[in-house]
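The values are calculated or read from the model by the stated rules, or taken from the named source; none is laboratory data. Everything numeric in this text was worked out from a predicted model, so none of it was measured. All Cβ positions, glycine included, derive from the backbone under ideal geometry; neighbour counts span all protein chains shown. Surface areas here come from the heavy atoms of the whole protein model, side chains and all, with no ligands, DNA or RNA. Shrake-Rupley method; radii C 1.70, N 1.55, O 1.52, S 1.80 Å.
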Amino acid sequence: MRVCAVICEYNPFHLGHAYHLRAAREASGADYVLCLMSGALTQRGAFARHDKWLRARAALENGADVVLELPARFACAPAPDFAGGGVALLAALGMVTHLSFGCEPSALPLLSAAASLFKSESPDFSAALQRSLADGLPYPRARALAAEQLAGIPADLLAQPNAALALEYLQALPETIVPVPIARRGSGYHDASLSALSSATAVRAALARGSLTAALAAIPSPEALRAAEESGFVHEEGALTQALLYLLRTASPAELAALYGMDEGLENRFIAAAQTCSTREALLDCVKTRRYTRARLSRLCAYALLNLTRDFAQTHRVPDYARVLGFRKSAAPLLKTIKQRSSIPLITKAANFDRSNPLFALDVLAQDLWSLGVSNPSLRASGRDFTTSPAILSR
């Protein structure tokens, strides 16, 4: 049985994602395509606009056979943790044979060489990396420049979002899982203009400014998304700004310093900025420096809301369960075999799982915070993890 996995966010699911699922199935010859999808939080530190069950159903309607949830500890994390946690979960299932990921076409020929360079990290590479870090560059850019200096691999290519994540997958993959890179089509990751194959960034921007019809043109089977948007069942970026600022204004430096990734005195910058800033974006603008990427600072905001500490992250380095968000009935044989072979529990009903599991409790908290930030006040109830069933497609 061939099972091709895709680690994803689908925030929201768009035509480019549908293309990738088709291409992944074809390139891998897979019997099943399994998506490991972020839940309430995304890798860049923001809450997803739409809930995880709606996004899971969209994936199932457009090529996925099973959708599992990537726990929040790894879904909202730097690229090495995002990729490493995802790959560890897939390997634990005992069934995944391939992992497919998108990448900019120009970077595809360079991925293997760059991954080998990063994995071996020779003394010369380490020295070049440290020189760039000493110049105040963020780690991803410093690493890309070190690769350019030592191996002639263009830094601008390696610094592209999809290429950077692809390199982390290649370093994390065990020999039992075959990489299946797919050349990205359409708009770039950060492209904010709508097109035939728009980026998720562009679709979210259109939705945020109320251009629903234009945004839906980039969405396959858009009925559920339209209903969510029209009913206010969406989490706008910045919805929890007041809660975030309250935490930052009342926390002690020691409490903030304990958060995962809050290094080099960043807690003091956050505390100072929180005293005058009134929006999340203004806060990030105020804290931002050349050394720290905006995504890293955004994740720190999420960690403050979750109280995700450095000790917690170091204690929980790999997922210890897999949760089903949805599946096609035709994938029942795959789920049955996973239950037999997996080294971690497969959750199909959250109410039956151990609620004291720390990683699971963090997922529940993340989902409750997502619900708290929903636009429509009548839809803000907590506990949806225990009241919402997996999405099931009959075909």
> Taking 0.36 nm per intervening residue step and subtracting the Cα-Cα distance, what contour gain separates Q340 from E230 on full extension?
Replying inline: 35.4 nm
> Quick one: which of K119/K336; K52/K339; K329/K349 span more than 24 angstrom between C-alpha atoms?
Replying inline: K119/K336
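Rounded if a/c is under 1.5, else prolate if a/b beats b/c, else oblate: with a ≥ b ≥ c from the C-alpha gyration tensor eigenvalues square-rooted, which is segment 1-42? Show your work: numbers first, answer last.
Numbers: a/c = 3.86, a/b = 1.60, b/c = 2.40.
Oblate is the answer for segment 1-42, as a/c is 1.5 or above yet b/c matches or exceeds a/b.
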>> Just to confirm my numbers, what's the Cα centroid distance between segment 34-80 and segment 310-357 in Å?
In response: 14 Å
>> Once you order the gyration tensor axes a ≥ b ≥ c over the Cα atoms, which shape class does segment 1-111 get: rounded for a/c under 1.5, otherwise prolate or oblate by comparing a/b with b/c?
In response: rounded
> Between L36 and residues 5 or more places away or on another chain, which pairs have amide H atoms under 5 Å apart, with H built 1.01 Å from N, and which residues are they?
Replying inline: V6, I7, C8, L68
> Say we join alpha carbon atoms closer than 10 Å with springs in a Gaussian network model of the chain; which of L60, L259, L110 then has the biggest fluctuation?
Replying inline: L110
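How large, in percent, is the carbon and sulfur part of the accessible surface of segment 96-192 at a probe radius of 1.4 Å? Could the numbers behind the result be given before it?
Numbers: 2500 of 4480 Å².
After summing per-atom areas, the C and S share lands at 56 percent.
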> Gaussian network model of the chain, Cα springs within a sub-10 Å range: biggest mean-square fluctuation belongs to which of L34, L379, L369?
Replying inline: L379
> What are the trypsin sites (Lys or Arg not before Pro) within segment 61-154 that DSSP puts in a loop, where the Cβ has at most 15 other Cβ atoms within 10 Å?
Replying inline: none
> Which whole-Hz couplings ³J(HN,Hα) result when phi for each residue of segment 251-256 is put into the Karplus expression 6.51 cos²θ - 1.76 cosθ + 1.60, θ = phi - 60°, listed in order with x for Gly and Pro?
Replying inline: 6, 7, x, 5, 5, 5
> Accessible area per residue, 1.4 Å probe, Å², for segment 348-395: what's the number?
Replying inline: 50 Å²
> Each residue of segment 167-175 in order: what ³J(HN,Hα) in whole Hz does its phi give by Karplus 6.51 cos²θ - 1.76 cosθ + 1.60, θ = phi - 60°, with x for Gly and Pro?
Replying inline: 5, 5, 4, 4, 6, 8, 5, x, 5
>> Given an 8 Å cut-off on Cα distances and at least 6 residues of separation, report the relative contact order of the chain as a percent.
In response: 23 percent
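Only helical DSSP H runs with n ≥ 4 go in: add -39500 (n - 2.57) per run for the chain, normalise by residue count and round the 222 nm mean residue ellipticity to 500 deg cm²/dmol.
On the way: 21 runs with 197 residues, N = 395.
The per-residue figure over the chain is -14500 deg cm²/dmol.
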> For D368 and Q242, FRET efficiency with R0 = 22 Å and r from the beta-carbon atoms, rounded to 0.05?
Replying inline: 0.85
> Let a ≥ b ≥ c be the square roots of the eigenvalues of the Cα gyration tensor of segment 146-260; is it rounded (a/c under 1.5), or, if not, prolate (a/b larger than b/c) or oblate?
Replying inline: oblate
> Based on the alpha carbon coordinates of the chain, what radius of gyration and maximum Cα-Cα distance (Dmax) apply, in Å?
Replying inline: 20.4, 58
>> For L173, L372, L15, give me the order by solvent-accessible area with a 1.4 Å probe, most accessible first, ignoring ligands, DNA and RNA.
In response: L372, L15, L173
> Using a Gaussian network for the chain with springs between C-alpha atoms less than 10 Å apart, which of these wobbles most: A215, A302, A128?
Replying inline: A128
> So what is the relative contact order for segment 258-395, in percent, with contacts set as C-alpha pairs under 8 Å and at least six apart?
Replying inline: 25 percent
